[in-house]
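All remarks here apply to the structure that follows.
The values are calculated or read from the model by the stated rules, or taken from the named source; none is laboratory data. These numbers were taken from a predicted model, which means no experiment stands behind them. Cβ coordinates were reconstructed from backbone atoms using ideal geometry, including for glycine residues, and neighbour counts include every protein chain displayed.
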Amino acid sequence: MSEIRNIIIVGGGTAGFMTAASLLNSYAKANIKITLVESSKIGTIGVGEATIPTIRAFYNELGISDPEIIAKTGATAKLGIQFNGWKNKDSSFIHPFGGFGHDFNNVGFWHYLNAYSPEILDGGLDDLALGAALAKAGKFALPDPIKNTTPIYARFDWALHIDAGLFAKALKEYSLAKGLNYIDAKIENVELEQENGFIKSIILEGGKSLEADLFIDCSGFEALLIGKALGNEFESYEKYLLTNAAWAMPSQKIENPIALTKVTAHSAGWQWQIPLNHRTGNGHVFARDFINDNDALKTLERNLPSEKLDDARLIKFTPGRRKAWDKNCIAIGLSGGFLEPLESTAIALIQNGIDRLKMFFPFDGIDEKIIKEHNRIAQKEFERVRDFIILHYKLNQRGDSEFWRYVAQMEIPDTLSEKIELYKKRGHFVRYSWEMFHHISWLAMYSGFGILPQNHEPLVENMGRENFEDARSQINSDIQNIVSRAPSHAQFINHCNEIVG
């Protein structure tokens, strides 16, 4: 193929307009025409309201500030995820965006806890991470930007809870201002080149044909281009991830919400609770082989934190993925694959897909070697996230329902079992390339589920129990002092809204 001069993005929503905004911003001077086609008659999933910190880097690169996004999307801050009832019915722990405690003499803090205070390592480390402590207290403060002089326990990052529909709207406005060619129309057909099977054009309702050099499929679960037109096969993960549906229902806003996404385990799945500045997002993710749709809805309705604003919507899905790049089509978002929203990865996977597109952008034509490497990285990243989500189910000790007993005993991928076993044996974290979640996130899970190394690291003896206990007490005191002085989460959100006006 010749060089890429004409790109068509099929589908709007979060994936489509994130892709359009980023490409328009990056290639403003590259003489590339970018067209986005969506139908206003076709709705989007639009419930992915929890993010991880990388989202802030995305819109900051576009020149959009945190206060602007907070004001435009009804956002609140997010310092992590609180897991309620996952280890057992009465358990609760936080997976924060930050570190725990402090390493001493180049030995990880968890090794000292395992040797001298295993009861703290067993059940969650919330009080040894500033971000988690702030969230639990209903507080919020911006992290110290000078990380190399900040103790590990005081290093944290933050994300947002956003209204996905308003976020897409903000990026649509940005993209139109940047010169996006926007078409509101339904696609009736996709025409392929006879000689090589590439996509030649899309045929709109009414017969109009649009040709392009590169097509980006952001059509969601429908996978209109990558799946239906090109026949790219879907690899299912349902062997490992049993949840396959979700009821989503908005309820009234919660006053003074904490800066956490709450995920609460139920008999055959879990419930999310996401605080926004104008409403609360709620949903029940469940396994249809273990509970029927009606009972799953009743579970959600019984556990709403506030009065419902609308009827529930049922979303059915199959966890898994497709090859991200096939011929002259690249899938971004749900068209390329789906993993349940347990760790708020949906928007992050969109963002990483856009970054990969730009990393391997085919300026001088499409090359099979480039496609192969792009797809290799995309596959590894997806599998690493898959394994991290499986971990949450595998480590449970509930045993109170058929679902939880099954997932605790089920077969898991070798890549995950190797990680778990090496942590149990030596407190060692296996780190693969293209991982979204680093060792601190794995530590949060191991600790929250009460998984401890079987032997302690001998190097901790160089510091000694007494010196370590003194240091740990100082960490606790420092965190308590910082939290006591911090403003409330609500004050921070109100300040951002006031800045924007």
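Among the conditions (1) touching a helix residue (DSSP H, G or I) at 6+ places or on another chain (Cβ under 9 Å); (2) loosely packed, with under 14 Cβ neighbours inside 10 Å, the only one that ILE202 does not satisfy is (2). In the stretch 430-483, the residue that is nearest to LEU395 (Cα to Cα) out of those that are under 30 Å from the mean Cα position of the chain (by Cα) and of a type in the set (S, T, N, Q) is SER447. Among the residues making up the stretch 324-338, those that are at negative phi and either in a strand (DSSP E or B) or surrounded by fewer than 22 Cβ atoms within 10 Å (Cβ to Cβ) (or both) are TRP325, ASP326, CYS329, ILE330, ALA331, PHE338.
Matching residues to (1) part of a loop (DSSP other than H, G, I, E, B); (2) within 22 Å of ILE390 (Cα to Cα):
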position	(1), (2)
HIS284	no, yes
ILE291	yes, yes
ASN294	no, no
LEU304	yes, no
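If you go through the stretch 432-447 one residue at a time, do you hit one that is loosely packed, with under 15 Cβ neighbours inside 10 Å, modelled with pLDDT under 95 and either part of a helix (DSSP H, G or I) or of a type in the set (Ser, Thr, Tyr) (or both)? Yes: one or more hits. Contact annotation: no residue pair with Cβ atoms under 6 Å, 6 or more positions apart or on different chains, pairs a residue in the stretch 150-178 that is at positive phi with a partner that is outside any helix (DSSP H, G or I) and at pLDDT 95 or above. Here the condition is being over 15 Å from the mean Cα position of the chain (by Cα), touching a residue at least 12 places away in the same chain (Cβ under 8 Å) and surrounded by fewer than 22 Cβ atoms within 10 Å (Cβ to Cβ); of PRO362, PRO319, it holds for PRO362 alone.
Conditions tested, residue by residue: (1) of a type outside the set (Asp, Glu); (2) closer than 27 Å to ASN148 by Cα; (3) at pLDDT 95 or above.
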| residue | (1), (2), (3) |
| --- | --- |
| ILE55 | yes, yes, yes |
| GLY63 | yes, yes, yes |
| ILE69 | yes, no, yes |
| LEU79 | yes, yes, yes |
| SER91 | yes, no, yes |
| GLY98 | yes, yes, no |
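Residues in the stretch 186-242 that are under 25 Å from the mean Cα position of the chain (by Cα) and among the acidic types (Asp, Glu): ASP217, GLU222, GLU233, GLU235, GLU238. Hey, among the residues in the stretch 354-378 that are touching a helix residue (DSSP H, G or I) at 6+ places or on another chain (Cβ under 7 Å) and not basic (Lys, Arg), which one's farthest from THR243 (Cα to Cα)? My answer is PRO362. Taken over the stretch 420-431, the criterion of being part of a helix (DSSP H, G or I) and touching a His at 6+ places or on another chain (Cβ under 9 Å) is satisfied by LEU422 alone. Here are some residues: LEU314, LEU241. Which one is under 17 Å from TRP86 (Cα atoms) and touching a helix residue (DSSP H, G or I) at 6+ places or on another chain (Cβ under 7 Å)? Of the residues listed, the single one that is under 17 Å from TRP86 (Cα atoms) and touching a helix residue (DSSP H, G or I) at 6+ places or on another chain (Cβ under 7 Å) is LEU241. Return a yes/no flag: does the stretch 302-310 have any residue that is free of Cβ contacts under 8 Å to residues at least 40 places away in the same chain, on the phi < 0 side of the Ramachandran plot and not small (Gly, Ala, Ser). Yes; the residues of the stretch 302-310 include at least one that is free of Cβ contacts under 8 Å to residues at least 40 places away in the same chain, on the phi < 0 side of the Ramachandran plot and not small (Gly, Ala, Ser). Hey, does the stretch 256-277 have a residue that's small (Gly, Ala, Ser) and either assigned by TED's automatic domain parsing to the domain that holds ARG398 or assigned to a helix (DSSP H, G or I) (or both)? No: the stretch 256-277 contains no residue that is small (Gly, Ala, Ser) and either assigned by TED's automatic domain parsing to the domain that holds ARG398 or assigned to a helix (DSSP H, G or I) (or both). Apart from one condition, GLY206 fits all of (1) of a type outside the set (Lys, Arg); (2) part of a loop (DSSP other than H, G, I, E, B); (3) closer than 30 Å to PHE492 by Cα; (4) assigned by TED's automatic domain parsing to the domain that holds PRO341; the exception is (3). Taken over the stretch 169-193, the criterion of being under 25 Å from ASP326 (Cβ atoms) and either modelled with pLDDT under 95 or in contact with a Ser or Thr (Cβ under 7 Å, 6 or more places away or on another chain) (or both) is satisfied by ASN181, ILE183, ALA185, LYS186, GLU191. Taking (1) touching a residue at least 60 places away in the same chain (Cβ under 8 Å); (2) touching a Lys or Arg at 6+ places or on another chain (Cβ under 9 Å); (3) on the phi < 0 side of the Ramachandran plot in turn, GLY450 satisfies each apart from (3).
Tell me which residues, restricted to the stretch 239-255, are over 15 Å from ARG279 (Cβ atoms) and in a loop (DSSP other than H, G, I, E, B). Those that are over 15 Å from ARG279 (Cβ atoms) and in a loop (DSSP other than H, G, I, E, B): LYS239, TYR240, LEU241, LEU242, THR243, ASN244.
For the stretch 169-179, residues that are over 27 Å from the mean Cα position of the chain (by Cα) and either in a helix (DSSP H, G or I) or crowded, with 16+ Cβ neighbours inside 10 Å (or both) total 1.
Considered as a group, the residues in the stretch 3-32 that are among the charged types (D, E, K, R) and either without any contact (Cβ under 8 Å) to a residue 24 or more places away in the chain or in contact with a strand residue (DSSP E or B) (Cβ under 9 Å, 6 or more places away or on another chain) (or both) include one that is nearest to GLY220 (Cα to Cα), and that residue is ARG5.
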